[in-house]
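The values are calculated or read from the model by the stated rules, or taken from the named source; none is laboratory data. Model, not experiment: these values are computed from the prediction. Because the Cβ atoms are built from the backbone with ideal geometry, glycine has one as well, and the counts that use them run over all protein chains shown.
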């Protein structure tokens, strides 16, 4: 009996340690974008210096037309589980009190799609992968076409007055965003953001913190594993303890 007890304890220790490691890897992860950049259309900086190292991300559609869109990329190599919830958070990088209440649409690049072939050091309007480079029509106040060619809209988020520096604006999890994460095969996810149906006649779109902002966290994805992961852990532990108790009688 003592020998079995010792063996059982050792076996339980090993199994529990393994379960603990598995539980740790199955915890939710928060990932800051590994690359991000804004691009600017006709009348601004269509083929000039890249803005990938700027501290601000700006999304805008107005009547000039002066259009700004944002590309963001994440390294998903630490996501070794199936996701059930994925949330996008961005931080306000301005504190001027009031801006137009505005909506923003988020698009996901298809896995291995052409829109994954960019880097923040060289990305500008004229070389944007998958982007529709025809600016919005003057006085249209909204996109007369999709801002991207193959990317799929996965959600949207809004900002409301008053705007405070460091505010968090969130795009809640959607089935489309979860599917985009789970479809990944190369540990890379690109999301693009464009203005929704609101223009910005004051001349400035709201400022979001990039990953290079000195004081604020850049765009962040929080990825949560399937609840089944935790159920399996609990079931394994109960089975182990039940078996040990039965054999030790």
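Here are the numbers:
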read-out	value
Index of the failed condition, residue 200 passing every other in (1) assigned to a loop (DSSP other than H, G, I, E, B); (2) at pLDDT 90 or above; (3) touching a strand residue (DSSP E or B) at 6+ places or on another chain (Cβ under 9 Å)	(2)
Residue tally, condition out of contact with any strand residue (DSSP E or B) (no Cβ under 7 Å at 6 or more places or on another chain) and assigned to a loop (DSSP other than H, G, I, E, B), over segment 166-189	4
Test: residue in segment 206-219 that is modelled with pLDDT of 55 or more and touching a helix residue (DSSP H, G or I) at 6+ places or on another chain (Cβ under 6 Å)	no
